[in-house]
C-alpha cells in the first residue's frame, strides 16, 4: 500500500463530491478541491492518511485571468508520495481559509498570496505585508493586467 | 551600605539568583544593514537584558519581483535571471528552471550534459559551503576560517570562470543541456583540486570542530526539533541536522544522480553544531561525486537542439533540486506561448527564517548570530 498511484483514489473515496481528480500535463497526482473543504482535506492529508503528507513544499497563487488558483505542492518524507492540490477562486473577492495551523510553513506563503494576489486569507494570525513596503498602495502586483509606476511590459518584436 | 544584596547571575542560563530583580523590556533592531544577517534582513527583537524574548523577522528589502519579471520574458531569456535568485549556488538555480521547462516540453538532455550539470553543481555546492564555513567562523569571532574558506573557493571559481566565463553568475545550464563543453585540461585541474582539497577539510575541522570555544558557542544552541523542522518545511543541511535523512538527490532523483554513490550525513540534535558538521561532511561527499562525474563522463553532445522560438506545450510542473541550502523549487505554468504564465520560486532560506521565531525565545543575542549563520540563509532567495 501507500504507493503513488493510490494517492488520488484514496482521497476521492474519503471526500466524495468535494474533491475531483485533475489531469495535468506532464502527468502527476493532482486533485481539485472545493474552497470550502480545504481545511478538512489538509487535516486529513496531514494526519489521517497512510501516505503521511508531512511536508508543504510550495504554495503558489496563479492568475489564470478567468479565475484565480491556489496551488499546494505537498510531499511525504516517509512514503515519498507527492500530491498537487488546487483550489479555484473567483477573481472578485477571492477568499480562502488559512492552513497555517496544519502546516506552519504556510504562514508566509499565505501572506504573500494576500498581498500579491489580493486573496483574503481567513483566520490567519498575522496578515501584515511581507515582501511589499509597509506603505504600499498600488494594488496586487502579481495579478495579470496590473500596472504600476515603473512597470513596463516587454514589447513583442 | 551593608544591606546591599549581591546578585549572582548564572553564567549558563543567564538567570539571576534574585528572581525579583526588576528588568525592563526593550526592542532592538538587528539589521537591515547588519553584517551577520548575510544580506538585508531585519530582525525585530524584544529583549530582556541580553536574552531574546521574541523575534520578528522582516523581509522584503531585496524584493526584485523576479517572478513578475519572468512572466514578461521568453523562456531562454529567463536562465540568466535565475542565477540572481540565489547567487551562491547559481548552477542549481539554472538547473532547477531548465529541469522544469524540459519536463513540460519533454526535451531529452544528452548524457554528457547531465554529467556536466552534476559536476558543476557539486563544485558549486563545495564553493557555497566554503562561504558558509568562512562566514560562520567570522560570525563567531574566528577570522582564520574566513581566509581559508575564501582562499580555497577561489580555485573553484577559477574553474567556473574557465568553463563559463563568469565567476559568480554563470548562466551555464541552459534548456537542453549546458552552454559550453569543458575546456582543455579541465578534468586534470579539477581532480588536482579535489586531491588538494580533501586533506584541507581536515584542517578546517582541526580549526573548529572540536575547538572548546566553538563547542560552547554551538552545542545545544538553537535546537530545531525534528517536528518543527518538518512543520516549517526546513530543508537541506538544516533538516538533516535535525535527524531526518532526506536528500532530494537520493529521494526524488533528478538528472543522473541515481548513477552516483554517496552518503547522506545527518545530525542528531538539530543544534548549531550539527548544522555545521553536516555541511562539512557534505563537502567530502561532493568531492566524491565530482570525482565519480569526471571518471564516468561520457562522450557525445552536451546540449540538445532547442529552437530559438522555443514554445513548450501547455502544462505545469513543480520541480525541485537540492541546493546548498536545501530544497529549491520552481512551479512553472505554461500556456503554450513563448513566455511562462507563472513561475513561482521557492527557496529553503525562506522557510528557515520563518522558523526563526520558534527557536529564538530564551537565547542570548550573541547566540542568535550563531544560529542565523548556521542556517546559511541568503536573502535574495528569501525576497526574490
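The values are calculated or read from the model by the stated rules, or taken from the named source; none is laboratory data. The model shown is predicted, which means the values in this text are computed figures rather than measured ones. Cβ coordinates were reconstructed from backbone atoms using ideal geometry, including for glycine residues, and neighbour counts include every protein chain displayed.
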Task: Scan of segment B:202-222 for residues that are assigned to a loop (DSSP other than H, G, I, E, B), surrounded by 14 or more Cβ atoms within 10 Å (Cβ to Cβ) and touching a helix residue (DSSP H, G or I) at 6+ places or on another chain (Cβ under 7 Å), ordered by number - done: B:208, B:209, B:221, B:222
- [ ] Check segment A:86-95 and report whether any residue there is surrounded by fewer than 20 Cβ atoms within 10 Å (Cβ to Cβ), within 12 Å of chain B (Cβ to nearest Cβ) and under 24 Å from residue B:330 (Cβ atoms).
- [x] yes
Open item on the list: Within segment B:265-384, considering only helices (runs of 4 or more DSSP H) that don't extend past its boundaries, which have at least 2 residues that are more than 14 Å from chain A (Cβ to nearest Cβ) and either buried (at least 23 other Cβ atoms within 10 Å of the Cβ) or more than 25 Å from the chain's Cα centre (by Cα) (or both)?
Closed with: B:272-295, B:365-375
- [ ] All but one of (1) modelled with pLDDT under 90; (2) in contact with a helix residue (DSSP H, G or I) (Cβ under 6 Å, 6 or more places away or on another chain); (3) under 24 Å from residue A:5 (Cβ atoms) hold for residue A:50, so report the exception by its number.
- [x] (2)
Task: Residue match in segment A:96-104 (condition: more than 14 Å from chain B (Cβ to nearest Cβ), part of a loop (DSSP other than H, G, I, E, B) and closer than 17 Å to residue B:341 by Cα) - done: no
TODO: Restrict the check to segment A:24-43 and report whether at least one residue is within 11 Å of chain B (Cβ to nearest Cβ) and not in a loop (DSSP other than H, G, I, E, B).
DONE: yes
Task: Search result, residues across segment A:66-82 that are more than 8 Å from chain B (Cβ to nearest Cβ), assigned to a loop (DSSP other than H, G, I, E, B) and in contact with a strand residue (DSSP E or B) (Cβ under 9 Å, 6 or more places away or on another chain) - done: A:67, A:76, A:81
Open item on the list: Which of the numbered conditions does residue A:64 fail, given that it passes all the others? Conditions: (1) within 16 Å of the chain's Cα centre (by Cα); (2) touching a residue at least 12 places away in the same chain (Cβ under 8 Å).
Closed with: (2)
